[in-house]
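Report on the structure given below.
Where a number appears in this text, it was derived from the coordinates with a stated rule and is not lab data. Just so it is clear, the model here is predicted, and its values are computed rather than measured. No Cβ is skipped: glycine too gets one built from the backbone with ideal geometry, and neighbour counts run over all protein chains shown.
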Amino acid sequence: MAAATFAVVTSEMLPVALLTPIGGALHVSEGAAGLTLTVTGLVAAVSAPPLTAALGRWDRRRVLCGLLVLLAAANLLAARAPLFGVLLAARVLVGLAMGGVWSLAAGVAARLVPPAAAGPATATVFSGVALASVLGVPAGAFLGQSVGWRAAFAALGGLALLVAAALALLLPALPAERALGLGGVLKLAAVPGVRTGLVVVAVLVTGHFAAYTYVRPVLETASGASAGQVGVLLLVYGAGGIAGNFAAGAAVGRGVRATTVVIGAALAATVLAVPLLATGVPSAAVLLLLWGLAYGGVSVTAQTWLTRAAPGATESASSLFVAVFNAAIALGALTGGGVVDRFGPAAVLWLGGAVVAFAPLLAAFGPGPGPGRR
């Protein structure tokens, strides 16, 4: 399951490492190339709740295998795209696959282990998100530099097929447990603790992706990093993300609200510091490590918040999480693209950090994830 989340998140985020060569090959600006991320996020956001409801009582193992095959097809289409419009169509398919896999991941994780191990299991499954940053996106950058951006998409298509085969062989049968219709899924958003969690996710992710989508041109201009050094810096960011994921997985058991506040404050401070302090590759590496540590804990912390706020409806709460998360990715990438095209790379960091700064306030003072929950 961690490999599945790794495959879908790497597929979603791969354009971050390849914006410059994609734009050059398909004759679009870096801001326009960022639409490859925006489209994927929007599709995942719109499709996750109705897809989760439509899956009904289908066995989750079969659904996950089908979604990974769809992901493979999407990446192989992207690798062959002759025009920017074809690439965007491939990214629509990535969004569908991602919305489905992520909605099911937390619920499946909890079913594979005893109840006492559900938290660590969820952190393990969502470690695929951090690994996508530490391995997937940097590997895409290196492949794009050495053999071309199309080869990076093709390699990811092959990986998705391997993960589909592994899921088919290794997962047990997983019939759906509690199925809610679309109306029931959407009603969860009215629960106070769920609503707070979703708003915090929206703010954190919008600000992060407004900045992170355009991190390559920022690093190239602010720190003077070469294409090869950008790949190394993304690797540093990803290493921080893995550590942050497991640190947050351990911390949420002691207090999910406090963990969310700390993550939001640290992320805002780091993003705002980049245009001021990332004046060379060493300082950029330190800041990207801290950025990864902070953002690496977002997925597992937010998922834990929503699971506690909606006990017994994990998949439905997860589908809302995916919808908001990916809508925020799309909004952040789209807004950041406009800012970077008009005002330059540094401005997008100021925007992202300012937006993220609202998240710890909302987490601290809004309704918590449940009665008696910290």
Dipole of region 1-86 [Lys/Arg +1, Asp/Glu -1 at C-beta], most positive-end residue of V43, S29, A72: A72
By the scheme Lys and Arg +1, Asp and Glu -1, what is the net charge of all other residues having a beta-carbon under 15 Å from that of L67? 0
Whole-Å distance linking the alpha carbon centroid of region 304-333 with that of region 1-66 is 16
What nm value, rounded to one decimal, do you get for the distance between A173 and L276 when each label is placed 7 Å out toward the C-beta? 6.0
In terms of the Cα gyration tensor, with a ≥ b ≥ c the square roots of its eigenvalues, is region 87-141 rounded because a/c is under 1.5, prolate because a/b exceeds b/c, or oblate? oblate
If you compute Rg and Dmax of the Cα atoms in Å for the structure shown, which of [x] 19.0, 56; [y] 18.8, 60; [z] 21.3, 67 do you land on? [x]
Label point 7 Å beyond Cα of T221 along Cβ direction - residues of region 349-371 with amide nitrogen under 12 Å: 349-350
Find how much the distance from V113 to V86 grows on full extension, using 0.36 nm per residue of separation minus their present alpha carbon separation; answer in nm with one decimal. 5.6 nm
Which residue, chosen from A123, G338, V191, occupies the Cα position most advanced towards the positive end of the dipole of the chain, where the dipole is computed from +1 (Lys, Arg) and -1 (Asp, Glu) charges on Cβ about the Cα centre? V191
If packing is taken as the average count of other Cβ atoms within 10 Å, what order do 254-265, 196-207 fall into, highest mean first? 196-207, 254-265
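Which helices pass in the chain if a helix is a full DSSP H run, must span at least 18 angstrom along its long axis by Cα, and must have mean Kyte-Doolittle hydropathy not below 1.0?
Working: long enough: 2-26 (33 Å, 1.50); 35-55 (28 Å, 1.59); 60-80 (30 Å, 1.17); 84-111 (41 Å, 1.59); 118-131 (20 Å, 1.26); 149-170 (32 Å, 1.98); 192-212 (30 Å, 1.32); 227-251 (36 Å, 1.31); 256-277 (31 Å, 1.95); 281-296 (21 Å, 1.71); 314-343 (42 Å, 1.05).
Helices meeting the criterion: 2-26, 35-55, 60-80, 84-111, 118-131, 149-170, 192-212, 227-251, 256-277, 281-296, 314-343.
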